[in-house]
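Each remark here refers to the structure printed beneath this line.
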Amino acid sequence: MSSKLNFRNLDKGLFAAPILIFLIGVFSVYSASFKSRELLVHTLVVKQILWMGIGILLVFLILRVNTFRLRDWAWPLYFVSVFLLVAVLFTPPRLGARRWIDLGGFNFQPSELAKLSVILVLAHLFSHKRVESLSKRDRLMPFIIVGVPFLLILKEPDLGTAVILVPIFLAMLYGWGFRARALLIFLAIGVLASPLLFFFLKDYQRTRLLVFMNPNLDPLGAGYTIIQSKIAIGSGGLLGRGFMGGTQTHLQFLPEKHTDFIFSVVAEEGGLAACLALLFLFGVIVKKGYALCGQTPDRFGSGLACGITTMIGFQAFINIGMTMGLLPVVGVPLPLVSYGGTSVITTMLAIGLLLNIHLHKPLF
Amino acid sequence: MSVSDKAQRLLFVTTALFAFLGVNLVWMQVIKGDAYRALSEKNRLRVIYLEGARGKILDRRGRVLATSRLGFNCSAIPWEAQGAIQQSCRVLAPILGEDAWTLEKRFYERPPGAFHTVLMAEDIGSQKAIAIEERLDRLPGFLVETHSKRTYPLGESAAHLVGFVGPIRDDEEDLMEIGGYKPADWVGRDGVEKFYESYLRGRSGGIQMEVNSRGRFVRTLGFERPTGGKDIRLTVDAELESTVQEYLRAQKGAVIVMNLEDGGLLSLNSSPSFDPNLFATREGRKKVGDYLTDERAPMVNRAIRGAYPPGSIFKIVTALAALEQKKITAATVFKCGGVLTIGGNAFHCWNLTGHGDERLAEGFAHSCNVYFYSAGVLAGVDAIAEKAAQFGFSKLTGIDLPGEKEGFVPSREWKKKVYHAPWYEGETANFAIGQGYLQVTPIQALGMIAGVAAHGWIFKPHVVDRIENVKVADGSSRTLTIDPSDLRAVIDGLDAVIQSGTGTGRLARVEGIRIAGKTGTAQSGQDRTHAWFVGFAPEENPKVAVVVFLENGGRGGVSAASLAALLFQWLKKASYL
């Protein structure tokens, strides 16, 4: 394989789409976190742009590595993630949860890294074992690989990130060779068992689920967010109320508006046009990602593409769905739009991996 | 099925999900868009926050030190009030007794770009509030909000102890995000109010209602009951607290009285003080700026945040160090000729004519510098520093009040590291009489004398006894290993300070109680010296320990000892002794 990289072969659409998504996010985060007396350099937006800068830098670093080389990272990264997930449980709680490790001003969220490392390890595992030739014990392996971080993340608690692991896992098992029917049965058991899980949930998570069923149950507390978010989205109309023009956003009706509920800001200020543009851009990533999955002869690359694409696609779906009141509120950031350093950098790492698979794909 | 077929299927599923979102977006934003916009624009949702009552702060007998009362504010919602602001202000002016033009100016003076409500008149009283409520239909965009206002019946007297509350600031996002505070909430800013914030605070609830374009109530959408905070009972005696503040008047300083049963404080005062009631209103908060620029620093709690040279009260530590090192005994005699030469430098006693031959007890009684120069040099800097650390100097006492300072105890290593110079014996002499680099807080000085009084038990000082009937004061303590005979020798010295005819602390004498104590007069670097007194009573069965510190208060044996006498008299009258 040639040692010289030809960046002309870079998938430009797959590179441009995340940056465009990020730009929509930058305007929305600026609007959502606007304070009249704050200097621009102190705003969250400047931080967010900094994270993105680091993210893009990482993309180019990843591109220099051969895809097959990435396997070597899989297990070490996985163990580091699990270690950090354990470590985070010993940090002081914030907002009733232990999700962040304070790295001198920057709050690192290990669960974000864990998602990516789970995908890498599964892709690595699946690349040298075929489903048909597996012993029963071997079949258990992927469940353990996902189960450990899944339970640790649930313990934090961070329901959103834990939930995201499920579609990723199912999609990758499917790609590996599990039958769709077996997976659907597995999913059904999971759903049926979830009332059991209900007892293990924290109070606020339970409230959120109940409120999802009926937002008017608690219109000031948990339901408040959903009602206000729906009003924000609905009042955006076709073209939105203009940048910085959203009353829902600026009247402090929307909580967590620069993080998990950023989509409401996009919708209120940018209207249907901005929402569909955002959906289209995520669609571009998803389409290109799954295409990579289907076309890459290397099984590792193919599995990796499958996991990453599912991760980004489902995160977008769950986040947008919850702000619209279509899904229960679980804390999932909208990739590259929500404010948050760990999320931005992890997503860009994932994009970097996709671009890498494309760039290093053997040509026929 | 090939991998590429499977990828196709996954793409299909995801696309379907995205399409589902898209369709719903069209439904919400285009088809139902007008209805939602109406909700956000014409018929507004309004949330009236109901504050959960903040817990009360009570003294040991249940007397109120901090409580909340209901107050009314008149506010305007800018985007609703704007249109008719001129007329509205004319309606409002006679009710509030203010000029219409002033009100209008206040409305326009709000920070630009802010969407918050504008506070038009604060704490207006129920009469005016009702009058405004009655005329609300002529005041579009105006509303009367209720707020609980914190009041402090003791005013200045307990300000440093009880602290105060202030409104949350815009830049305190952490509190809002993590603590679940809302923009209009109040948080403890100092003292007990701050330290026990998480117990005292109430959780606000509220009513969410729909109002029409004229701001009139249409219907209630939801209600969340507010919950109150917990009441906190202190170990402090409110009467003593105000009495001490009177004793101190405007004199800079601090006085602390400790109950030796469990280390609970009977009073903690710092002077000058401030009026915590001012923080309740915006007008009042403007005056707070004066406090902050006042060079007498009335906002600084000197009892726990001021570090000063202790002067002669530190001789207690020096004596114990020398006794423990077996360098002196109670019977060791040093001759004071008014001056001692160490390393070629003359070190003077405060009595320049000299005290003559003295044993340890006389050394204490006269607070003779020469005696303690000699004892200190024999013990050495390391032993004294070690003993000081055992008594808790240079460490936080762990009192349940915010912002405690550590003070400073020098050492040979420190001097070498910072000054790249060896430690001189002359410095040990200064150290031995509590001068030089040494800095202690009044609460640490109290810890020292309490430790002596309780025969080596060092209590963790605390001011809170119970939170809502749950005892929180653990009375935790640690022990010093002091030889009982050493302790006896020192207590005999402290006894002589008060009882002896030539004792420096004789002004602290009170009829009918045997007091042991020590005065201190510390060079401050300014014109006037700092005056100290530490002591306990009754000597044989100690019940209370006190520290009196008067910044630039002159001689410890005069100002501080006299104030201590008043304290002991009061404590006797109130049956604490």
Yes/no for residue B:517 being over 20 Å from residue B:267 (Cα atoms) and crowded, with 24+ Cβ neighbours inside 10 Å: no
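Residue by residue, here is whether (1) modelled with pLDDT under 95; (2) more than 26 Å from the chain's Cα centre (by Cα) holds:
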| site | (1), (2) |
| --- | --- |
| B:445 | no, no |
| B:459 | yes, no |
| B:470 | yes, no |
| B:485 | yes, yes |
| B:495 | no, yes |
| B:512 | yes, yes |
| B:517 | no, yes |
| B:525 | yes, yes |
| B:531 | no, no |
Within the stretch B:141-173, of all residues that are of a type in the set (Phe, Trp, Tyr) and modelled with pLDDT of 90 or more, the one nearest to residue B:248 (Cα to Cα) is B:152
Looking at the stretch A:284-306, which of its residues are crowded, with 24+ Cβ neighbours inside 10 Å and over 11 Å from residue A:175 (Cα atoms)? A:285, A:286, A:289, A:292, A:296, A:301
Residues in the stretch B:323-337: is at least one touching a Cys at 6+ places or on another chain (Cβ under 9 Å), of a type in the set (Gly, Ala, Ser) and modelled with pLDDT under 95? yes
Quick one: which helices (runs of 4 or more DSSP H) lie wholly within the stretch A:1-118 and hold at least 1 residues that are at pLDDT 80 or above, touching a strand residue (DSSP E or B) at 6+ places or on another chain (Cβ under 7 Å) and surrounded by 13 or more Cβ atoms within 10 Å (Cβ to Cβ)? A:71-88
Restricting attention to the stretch A:267-291, and to residues there that are of a type in the set (D, E, K, R) and over 16 Å from residue A:336 (Cβ atoms), which single residue is nearest to the other protein chains (Cβ to nearest Cβ)? A:287
Filter the stretch B:1-37 for residues that are small (Gly, Ala, Ser) and outside any helix (DSSP H, G or I) and give the result. B:2
Checking residue B:88 against (1) away from chain A (no Cβ under 11 Å); (2) modelled with pLDDT under 90; (3) over 30 Å from residue B:234 (Cα atoms), which single condition isn't satisfied? (2)
Looking at the stretch A:199-211, can you tell me whether even one residue there is part of a helix (DSSP H, G or I), among the polar types (S, T, N, Q), under 30 Å from residue B:27 (Cβ atoms) and modelled with pLDDT of 70 or more? no
Tell me, please, whether a residue that is among the hydrophobic types (A, V, I, L, M, F, W, C), crowded, with 24+ Cβ neighbours inside 10 Å, at pLDDT 95 or above and not in a strand (DSSP E or B) can be found in the stretch B:548-561. yes
Is it true that some residue in the stretch A:168-182 is surrounded by fewer than 16 Cβ atoms within 10 Å (Cβ to Cβ) and in contact (Cβ under 8 Å) with a residue 12 or more places away in the chain? yes
Only one of B:502, B:481 that is hydroxyl-bearing (Ser, Thr, Tyr), surrounded by fewer than 23 Cβ atoms within 10 Å (Cβ to Cβ), over 32 Å from the mean Cα position of the chain (by Cα) and outside any helix (DSSP H, G or I): B:502
Condition set surrounded by 14 or more Cβ atoms within 10 Å (Cβ to Cβ) and among the aromatic types (Phe, Trp, Tyr), scope the stretch B:21-49, selection modelled with the highest pLDDT: answer is B:36
Selection within the stretch A:50-93 - within 16 Å of residue A:119 (Cβ to Cβ) and among the charged types (D, E, K, R): A:71, A:72
Taking the conditions exactly as written (more than 14 Å from every other protein chain (Cβ to nearest Cβ) and either out of contact with any helix residue (DSSP H, G or I) (no Cβ under 7 Å at 6 or more places or on another chain) or at pLDDT 85 or above (or both)), does residue A:183 satisfy them or not? no
How many residues, within the stretch A:318-330, are within 13 Å of another protein chain (Cβ to nearest Cβ) and assigned to a loop (DSSP other than H, G, I, E, B)? 4
Given (1) more than 30 Å from residue A:135 (Cβ to Cβ); (2) at pLDDT 65 or above; (3) part of a helix (DSSP H, G or I); (4) more than 9 Å from every other protein chain (Cβ to nearest Cβ), number of the condition residue A:230 does not satisfy: (4)
Looking for something over 35 Å from the mean Cα position of the chain (by Cα) and either not assigned by TED's automatic domain parsing to the domain that holds residue B:300 or not in a helix (DSSP H, G or I) (or both) - is there at least one such residue anywhere in the stretch B:373-390? yes
Checked the stretch B:338-349 for anything within 42 Å of the chain's Cα centre (by Cα) and modelled with pLDDT under 90; matches are none
Across the stretch B:279-338, the tally of residues that are aliphatic (A, V, I, L, M), under 30 Å from residue B:433 (Cβ atoms) and assigned to a helix (DSSP H, G or I) stands at 10
Could you check, for the stretch A:311-326, whether at least one of its residues is crowded, with 24+ Cβ neighbours inside 10 Å, at pLDDT 95 or above, in contact with a helix residue (DSSP H, G or I) (Cβ under 7 Å, 6 or more places away or on another chain) and among the small types (Gly, Ala, Ser)? yes
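The values are calculated or read from the model by the stated rules, or taken from the named source; none is laboratory data. All values derive from a computational prediction rather than experimental measurement. Positions of Cβ are backbone-derived with ideal geometry, glycine not excepted, and every protein chain shown enters the neighbour counts.
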